[in-house]
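Report on the structure given below.
The values are calculated or read from the model by the stated rules, or taken from the named source; none is laboratory data. In this text the structure is predicted, and so the values were computed from the model without any measurement. Here the Cβ positions follow ideal geometry from the backbone for every residue, glycine too, while neighbour counts run over all protein chains shown. To get the accessible areas, we keep the full protein, side chains included, count just its heavy atoms, and leave off ligands, DNA and RNA. Shrake-Rupley method; radii C 1.70, N 1.55, O 1.52, S 1.80 Å.
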Amino acid sequence: MTIRALSIIACTALALPLTALAAGAADRDAILVGYARQAKAADSGFTTFSAQRGEALYRNQWGSGDVRTPSCVSCHTADPRQIGRNAKTGRLIEPAAVSSNPQRYTDTATVDKHFARDCKSVIGRDCTPLERGDYITFMQGQ
Amino acid sequence: MTRLVAVALAILLQVMAVMDALAGSKYLPPVTDALTRKACGECHMPFPPGFLPGRSWSALMGGLDDHFGEDAALPPEQAAQIEAYLVQNASNGPNGRGLRDFMRWVAPAGTPQRITENPAFLREHDFPDRVWRDPKVVTKSNCLACHPRADQGWFDD
């Protein structure tokens with residue numbers, strides 16, 4: 001094999017994960033743009049999402065949903081960079097933080113399904129577009 | 001000579017597998033259908049279909065919107081495909097295989113919804129309370145906490 005062929009292979013191997021990361025970030029941004037549009041429609045005073053509000057949502061002990069899951073922390077753990085555990089079934093859950101799991105919040109169907117299901121389990125109702133955007137913004141910085 | 005040893009070994013392994021199957025309670029074929037593994041393996045491991053009769057799987061699949069307190073509803077065509085797979089491979093299914101000591105507790109028309117309420121399960125798992133309160137276990141249905149190869153169908157460790 002020539003040096004040239006080798007270097008092409010090496011470059012492709014290096015570039016692949018980078019493009020995957022970039023694609024992940026672009027998909028996440030697109031989801032956030034969608035939630036921002038909905039948040040604005042619901043409240044014309046909306047400006048930007050807040051990681052701080054997202055963290056409060058994440059850590060709050062709601063106690064208004066299923067008794068086994070008073071908080072997002074019940075399954076995704078106090079440190080979202082760690083592996084979580086489903087408080088109803090014991091099954092392990094990949095970290096919720098984007099830094100540990102770059103594929104998080106990149107597939108609209110998965111994201112919508114889990115917000116609907118997990119918010120109902122914890123809070124007793126679905127999360128609003130504002131809450132969804134805040135949550136993802138918090139996880140992006142984790 | 002090496003060939004002879006290899007053949008003998010192969011036969012021995014076969015015999016051991018058959019004996020395991022006759023003892024009947026350590027291995028059940030795991031879920032192999034990709035859709036079922038994904039849809040039914042998200043909140044807990046996908047339970048081997050041989051643990052329940054086909055009518056139990058049909059009843060479970062008919063009530064996914066209130067699945068042990070969870071909303072596990074699926075698009076109808078996916079639910080139908082999964083139900084067909086589970087029924088085919090159920091303890092009494094055409095491609096299925098059950099555990100004799102589990103199935104003898106199931107009434108001919110009974111539709112148990114839980115593996116973990118079967119008397120055979122309860123007898124094999126008669127542990128002190130502190131075992132069930134271990135934060136790594138959480139619930140009896142968390143087979144993987146104690147059987148690390150449960151995903152591949154093995155319940156021997």
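Considering the stretch A:85-111, the residues that are among the charged types (D, E, K, R) and open to solvent by less than 60 Å² (accessible area, probe 1.4 Å) include one that is nearest to the other protein chains (Cβ to nearest Cβ), namely A:ARG91. So, of the residues in the stretch B:123-142 that are out of contact with any Gly (no Cβ under 9 Å at 6 or more places or on another chain) and closer than 17 Å to B:PHE51 by Cα, which turns out to be farthest from the other protein chains (Cβ to nearest Cβ)? Step by step, filter the stretch B:123-142, then rank; the result is B:ARG123. A:GLN82 passes every criterion in (1) exposed (fewer than 15 other Cβ atoms within 10 Å of the Cβ); (2) within 11 Å of chain B (Cβ to nearest Cβ) apart from (2). With a requirement of 3 or more residues that are free of Cβ contacts under 8 Å to residues at least 24 places away in the same chain, of a type in the set (Gly, Ala, Ser) and touching a Pro at 6+ places or on another chain (Cβ under 6 Å), none of the helices (runs of 4 or more DSSP H) lying completely within the stretch A:71-142 satisfies it. Put simply, of B:ALA107, B:ALA90 the only residue that is at pLDDT below 95, in a loop (DSSP other than H, G, I, E, B) and open to solvent by less than 60 Å² (accessible area, probe 1.4 Å) is B:ALA107.
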